[in-house]
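Structure record follows, encoded as structure tokens.
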Amino acid sequence: MQNLDVAIDLGTSRIRIYLPGKGVVLDEPAVLTVDRDTDEIVAIGTEALKMQGKLSERLATVFPVRDGVISNYGFTETLLTEFVRAVCGSKVFMPRAVVCVPNLITELEQRAVCQALHNAGARKVCLIGEAIAAAIGADIDITVPHGCMIVDIGAGTTDIGVMTLNGMASFDSIKVAGNSFDSAIIRYMKNKHDLIIGPVTAERIKKEIGCAVPRDFRTYTRVSGRSALNGLPLSVSIASDEIAEALEEHTIAIVRRVQHVLENTPPELVGDIYTDGIILTGGSAQLHGMDRLIERKTKLNVVVANNPSNCAILGTGAALKYMDSYDNDEFKTSPLQFAKY
């Protein structure tokens, strides 16, 4: 079988795989169901996610990628092996891979990602920063001497970068994103309504009525869970304004990091950003009012990219053409920021 290259977005909540000429061929939750007694894997991906919160004491839900980096090496390798095998169709298939990782990933974390991919069957691995990949996926030309700013809000991290000439002039990363929003909703429901809910319900609330600023028209949803007072079933109605309050600490933390990156950006590039605005990407960029909040605090135009959830994987796929640049002097003009392994 002819060797192919693959692009992988190793996200905290989802793993996406891109093949040249085919686009995104796999989009699966980065989760497993594991037998606590035997460490046997019962289910992976979508099937494992369906079981979350509904397991017996013997089974456990495991998310092996936390805050954009590997927290459980063995289970991450299992996920990657199964998913790469599913799209490549052969146990002996040895593709080259470009993997999307957070901006501030450490060298040790880089090696962990690359080793996991090697063990999953990749013969060569290169890494690309999340913000750069998202910019390419949002159809921004980062090869020219012109500043563009990306705020990529994923599940585990928010990556912020100002790109120019295939690199980043200033960047930052904060471990506040979609999963932090879910945790904040869980805490709010317990503190304000004495209602205990799980992450699945919290995510539903976030998608239905979540907002970074109060909506123009207040919306409501009914939430069921367990009473924190007596342990009995309890159902309450909550308003979108309450969720804005619950998420305020985290949304403001993201805004402050955006402001910090702007403060450390050369003035000529800030002028470009003033003209073009800020681009939001990532699944959590779709949180209602997130663009308005950043716009209000920075006084800059803010736009949510088309198909924001897939910007990073599409950009990673576009970067596959730079794989050969490691073998010649073109590497200096490549957006692949980290060493190959």
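The values are calculated or read from the model by the stated rules, or taken from the named source; none is laboratory data. All values reported here derive from a predicted model rather than from experimental measurement. When we count neighbours, we look across all protein chains shown, and the Cβ atoms used for this are built from the backbone with ideal geometry, even at glycine.
Among the numbered conditions (1) surrounded by 20 or more Cβ atoms within 10 Å (Cβ to Cβ); (2) over 20 Å from GLN286 (Cα atoms); (3) outside the structural domain of THR298 (by TED's automatic domain parsing), the only one that GLY210 does not meet is (2). Exactly one residue out of ASP216, ASP194, ASP272 is at positive phi, among the acidic types (Asp, Glu) and outside the structural domain of CYS100 (by TED's automatic domain parsing): that is ASP194. For THR265, the conditions (1) over 17 Å from the mean Cα position of the chain (by Cα); (2) part of a helix (DSSP H, G or I) are fulfilled apart from (2).
Please state which one of ASN166, ASN72 is free of Cβ contacts under 8 Å to residues at least 12 places away in the same chain and either of a type in the set (S, T, N, Q) or in the same structural domain as VAL261 (by TED's automatic domain parsing) (or both).
Exactly one of ASN166, ASN72 is free of Cβ contacts under 8 Å to residues at least 12 places away in the same chain and either of a type in the set (S, T, N, Q) or in the same structural domain as VAL261 (by TED's automatic domain parsing) (or both), namely ASN72.
Considering only residues in region 77-96 that are part of a helix (DSSP H, G or I) and touching a residue at least 60 places away in the same chain (Cβ under 8 Å), the one that is surrounded by the fewest Cβ atoms within 10 Å (Cβ to Cβ) turns out to be ALA86.
When you look at VAL99, is it under 18 Å from the mean Cα position of the chain (by Cα), crowded, with 17+ Cβ neighbours inside 10 Å and outside any helix (DSSP H, G or I), yes or no? Taking the combined requirement at face value, the residue satisfies it.
Take GLY210 and decide whether it is within 28 Å of the chain's Cα centre (by Cα) and within 22 Å of GLY68 (Cα to Cα). So GLY210 fails the test. If you go through region 143-157 one residue at a time, do you hit one that is among the polar types (S, T, N, Q), crowded, with 18+ Cβ neighbours inside 10 Å and at pLDDT below 95? So far as region 143-157 goes, yes, one or more of its residues are among the polar types (S, T, N, Q), crowded, with 18+ Cβ neighbours inside 10 Å and at pLDDT below 95. Does TYR220 satisfy the condition of being over 23 Å from GLU295 (Cα atoms) and either surrounded by 15 or more Cβ atoms within 10 Å (Cβ to Cβ) or without any contact (Cβ under 8 Å) to a residue 12 or more places away in the chain (or both)? Answer is no for this residue. I'd like to know if region 266-286 contains one or more residues that are buried (at least 20 other Cβ atoms within 10 Å of the Cβ), touching a strand residue (DSSP E or B) at 6+ places or on another chain (Cβ under 8 Å), closer than 24 Å to GLY198 by Cα and hydrophobic (A, V, I, L, M, F, W, C). Yes, region 266-286 contains a residue that is buried (at least 20 other Cβ atoms within 10 Å of the Cβ), touching a strand residue (DSSP E or B) at 6+ places or on another chain (Cβ under 8 Å), closer than 24 Å to GLY198 by Cα and hydrophobic (A, V, I, L, M, F, W, C).
Note on region 118-143: residues that are in a helix (DSSP H, G or I) and either within 12 Å of GLY282 (Cα to Cα) or of a type in the set (Gly, Ala, Ser) (or both) total 7.
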